[in-house]
Every structure is written in structure tokens, then in C-alpha cells.
Amino acid sequence: MQSGVGCSDRLTRPPGDDPVGPHQHRSAVANAICEAAGLVRRQPSASDRRIKLVTLTAKGAATKRALLRTYRTPPPELRGLSRAELERLVVLFTRLAAARR
């Protein structure tokens, strides 16, 4: 999910939806952009000077909530489907996802 301000998508992903593999350079740049936008705060680790701890600010947390609310809102095309139809879609999408593995 893109946040529109260049922030690390890791901050905006739903729990358990982490990307595969590290993207440290890209994340460092994205985190710097988020810091400039006031969405995160970077602080040095007390135990290791090489490490920067990145935490969401109040503005960042509000932005994350708004993004997740949008992410979890079904598109209008799905709102007219019955519960049974939606459950069937979940089964089909799950099968498709399993076939890609």
C-alpha cells in the first residue's frame, strides 16, 4: 500500500502482511521522508549507536489508522454481494493464492 508521502509501506501494512526480504536502503530513505513529514521519529538506540529506532508520531498513527480504514473498506462493486457470495470469493481467492506458491 502506498501512503502518498513516500513512507515505508511497512508502517502502513496490516499486521502480518510484511514484505518478503529486507529493503534496508529503500526503507531508510522512506523513513527519512516520513520523518520530514512528521509521521515518524528516529531516535538512537541506547544499546547500539548503529541502530536508529523508528516510532510513529501521533500524526503518523492517525495517518496509519486512516490508511488502514481505506484499505479495509471494500470497493463499491463488492458491497452489493451477499454474505454467501463474499464467502465464495474468499474461497476462490485463497485457492488462487495457494496455486501461486
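The values are calculated or read from the model by the stated rules, or taken from the named source; none is laboratory data. Keep in mind it's a predicted model, so treat the numbers as computed, not measured. Don't worry about glycine lacking a Cβ; one is built from the backbone with ideal geometry, like all the others, and counts go over all protein chains shown.
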Checklist entry - Conditions: (1) closer than 26 Å to L86 by Cβ; (2) at pLDDT below 90; (3) part of a helix (DSSP H, G or I). A30 meets all but one. Number of the miss? => result (1)
Checklist entry - If you check R95, R69, R83, R49, which single one turns out to be farther than 18 Å from S27 by Cβ and either at pLDDT below 90 or polar (S, T, N, Q) (or both)? => result R49
Checklist entry - Just checking, how many residues over segment 33-63 are in a strand (DSSP E or B), of a type outside the set (K, R) and touching a Leu at 6+ places or on another chain (Cβ under 9 Å)? => result 5
Checklist outcome for this item: If we ask which residues in segment 31-61 are touching a helix residue (DSSP H, G or I) at 6+ places or on another chain (Cβ under 6 Å) and of a type in the set (D, E, K, R), their number turns out to be 1
Next on the checklist: Can you pull out every residue in segment 32-88 that is exposed (fewer than 10 other Cβ atoms within 10 Å of the Cβ), small (G, A, S) and under 18 Å from the mean Cα position of the chain (by Cα)?
Outcome noted: A58
Next on the checklist: Please go through segment 75-101 and give me each residue that is of a type in the set (S, T, Y) and not in a loop (DSSP other than H, G, I, E, B), ordered by number.
Outcome noted: T94
